[in-house]
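**Q** Right, I'll just put the structure down here and ask away after.
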Amino acid sequence: MKHIKIANCDLDASEISLGCMRIADMALPDISTLIHTALDEGINFFDHADVYGGGRSEAKFAEALDMNPRLREKMILQSKCGICRDAYDFSKEHILEAVEGSLKRLRTDYLDVLLLHRPDALVEPEEVAEAFTILQSDGKVRYFGVSNQNPMQIELLRRYVKQKIVFNQLQLSITNTGMINAGINVNMEVDGSVDRDGGILDYCRLKDITIQPWSPFQYGFFQGVFLDNEKFPELNQKVNSIAAKYGVTNTGIAIAWLLRHPAHMQPIIGTTNPKRVKDSCQASGITLTRQEWYEIYLAAGNKLP
Ligand SMILES: NC(=O)c1ccc[n+]([C@@H]2O[C@H](COP(=O)([O-])OP(=O)(O)OC[C@H]3O[C@@H](n4cnc5c(N)ncnc54)[C@H](OP(=O)(O)O)[C@@H]3O)[C@@H](O)[C@H]2O)c1
């Protein structure tokens, strides 16, 4: 497993991360097998959120591993806060409370990374700044980032927050390429030219913010998996033929496609299946050619002007 250079921090992180959104209903021994498989494959970065399984994902993660300081030190633990029932909340009080909850459930004294989960329309960046400074000076959070935020939202935070914004977690997969399409189709009268994110891809590259693609195997918003799906015949034919060339599975190619982007992204895989964790990790040894990257992009139904 290759490690990724993440700007503005000293995290030595695997280039693939395991997301723990879907583990809440798993049996503890299965969670243990999943996480230990990931660790054995070289994944040292685990993504959580206070809201996953209503807190049960974090709690069962720690319980399944019988979390202890020795194991904790081998991991980079990231969690997120700000999503509440029928509201988003980036108030100082909520951020501080949410982190206390995550620390308790994860049985740890500190988070390596805290992300603000989804933009709060009522955000007061001065409050976020206060919360981040308290969390950092108390040693409870080492690094900070955001999720699902556009450039202006990040700029607003950056005006007040002293810490660097290290990550932005965003939806991106072979079949969800809005942030890539807009750049390819600039000024064209086609759907692909619609900029839905304020140019977030180039912004993150300019500001050395590492993008963490979420749902790398899903199409739509959790509509299902595009691999081996008859709705995407051309794409699957293409992915399978490239997979055969490299001697890996289609799962590996879906991740290799994200890793091939020069923004040096860190995909967050959400599988609960140890075999698919291994298949995903095969991507770390593969560099798709430029031609292959574009062939997959086009096979997903995209067009070049
Ligand atoms: N920041 C945000 O707003 C946000 C939003 C969503 C997710 N996330 C993070 O991103 C992580 C990944 O998200 P995700 O779980 O939606 O992503 P994902 O990895 O694209 O999807 C995982 C799901 O797809 C299934 N799957 C994957 N490959 C498959 C295949 N070849 N055939 C059949 N099923 C397959 C998995 O089933 P199996 O478990 O059976 O393999 C699992 O149910 C989450 O865990 C979370 O940490 C962040």
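**Q** Would you mind telling me which numbered condition in (1) over 26 Å from A13 (Cβ atoms); (2) within 13 Å of the ligand (Cβ to nearest atom); (3) without any contact (Cβ under 8 Å) to a residue 24 or more places away in the chain; (4) more than 19 Å from the chain's Cα centre (by Cα) F232 fails?
**A** Every listed condition holds for F232 apart from (3).
**Q** Another question, if that's okay. State the number of residues belonging to segment 1-52 that are crowded, with 20+ Cβ neighbours inside 10 Å and of a type in the set (G, A, S).
**A** Of the residues in segment 1-52, 6 are crowded, with 20+ Cβ neighbours inside 10 Å and of a type in the set (G, A, S).
**Q** Take segment 201-211 and flag every residue that is more than 13 Å from the ligand (Cβ to nearest atom) and within 15 Å of the chain's Cα centre (by Cα).
**A** Selection gives L201, C204, I209, T210.
**Q** How many of the residues in segment 135-164 are touching a Phe, Trp or Tyr at 6+ places or on another chain (Cβ under 7 Å) and touching a residue at least 60 places away in the same chain (Cβ under 8 Å)?
**A** The total comes to 2.
**Q** Assigned to a helix (DSSP H, G or I), touching a helix residue (DSSP H, G or I) at 6+ places or on another chain (Cβ under 6 Å), more than 14 Å from the ligand (Cβ to nearest atom) and of a type in the set (K, R): is that true of R70 in this structure?
**A** Answer is no for this residue.
**Q** Only one of Q237, Q266 is touching a strand residue (DSSP E or B) at 6+ places or on another chain (Cβ under 8 Å) and touching a residue at least 12 places away in the same chain (Cβ under 8 Å); which?
**A** Q266
**Q** So if I check each of I43, I95, which one is outside any loop (DSSP other than H, G, I, E, B), touching a residue at least 24 places away in the same chain (Cβ under 8 Å) and either under 20 Å from the mean Cα position of the chain (by Cα) or over 28 Å from A254 (Cα atoms) (or both)?
**A** Residue meeting the stated conditions: I95.
**Q** Additional query: Six or more apart or on different chains, Cβ atoms under 6 Å: show the pairs whose first residue is in segment 213-227 and without any contact (Cβ under 8 Å) to a residue 12 or more places away in the chain and within 8 Å of Q171 (Cα to Cα) and whose second is near the ligand (Cβ under 9 Å from one of its atoms) and part of a strand (DSSP E or B).
**A** Close Cβ pairs (under 6 Å, with a partner that is near the ligand (Cβ under 9 Å from one of its atoms) and part of a strand (DSSP E or B)) do not exist here.
**Q** With the structure loaded, tell me whether C20 is more than 18 Å from T271 (Cα to Cα) and either within 12 Å of the ligand (Cβ to nearest atom) or at pLDDT below 95 (or both) or whether it fails that test.
**A** It is false that C20 is more than 18 Å from T271 (Cα to Cα) and either within 12 Å of the ligand (Cβ to nearest atom) or at pLDDT below 95 (or both).
**Q** Would a scan of segment 293-303 turn up a residue that is at positive phi, touching a Phe, Trp or Tyr at 6+ places or on another chain (Cβ under 9 Å) and away from the ligand (no atom under 16 Å from the Cβ)?
**A** Yes - at least one qualifying residue is present in segment 293-303.
**Q** Take segment 239-277 and flag every residue that is of a type in the set (S, T, Y) and either near the ligand (Cβ under 10 Å from one of its atoms) or modelled with pLDDT under 95 (or both).
**A** The answer is T249, T251, T271, T272.
**Q** Output the residues belonging to segment 33-63 that are farther than 24 Å from M1 by Cα and either charged (D, E, K, R) or more than 14 Å from the ligand (Cβ to nearest atom) (or both).
**A** D50, G54, G55, R56, E58, A59, K60, E63, listed by residue number.
**Q** Can you report the number of residues in segment 257-277 which are in contact with a helix residue (DSSP H, G or I) (Cβ under 7 Å, 6 or more places away or on another chain) and either within 26 Å of A49 (Cβ to Cβ) or of a type in the set (D, E) (or both)?
**A** Number of matching residues: 11.
**Q** On the basis of being without any contact (Cβ under 8 Å) to a residue 12 or more places away in the chain and out of contact with any Gly (no Cβ under 9 Å at 6 or more places or on another chain), does N8 make the cut?
**A** no
**Q** While we're looking at this one, here's another question. Would you call A64 surrounded by fewer than 23 Cβ atoms within 10 Å (Cβ to Cβ) and farther than 25 Å from I134 by Cβ?
**A** So A64 passes the test.
**Q** Here are some conditions: (1) within 23 Å of T33 (Cα to Cα); (2) in contact with a helix residue (DSSP H, G or I) (Cβ under 8 Å, 6 or more places away or on another chain); (3) not hydroxyl-bearing (S, T, Y). L288 meets all but one. Which one does it not meet?
**A** (1)
**Q** Further question: Would you confirm whether any residue within segment 212-225 is modelled with pLDDT under 95, under 26 Å from D47 (Cβ atoms), within 16 Å of the ligand (Cβ to nearest atom) and among the hydrophobic types (A, V, I, L, M, F, W, C)?
**A** Checked against the condition, which is being modelled with pLDDT under 95, under 26 Å from D47 (Cβ atoms), within 16 Å of the ligand (Cβ to nearest atom) and among the hydrophobic types (A, V, I, L, M, F, W, C), segment 212-225 yields at least one hit.
The values are calculated or read from the model by the stated rules, or taken from the named source; none is laboratory data. Keep in mind it's a predicted model, so treat the numbers as computed, not measured. Cβ coordinates were reconstructed from backbone atoms using ideal geometry, including for glycine residues, and neighbour counts include every protein chain displayed.
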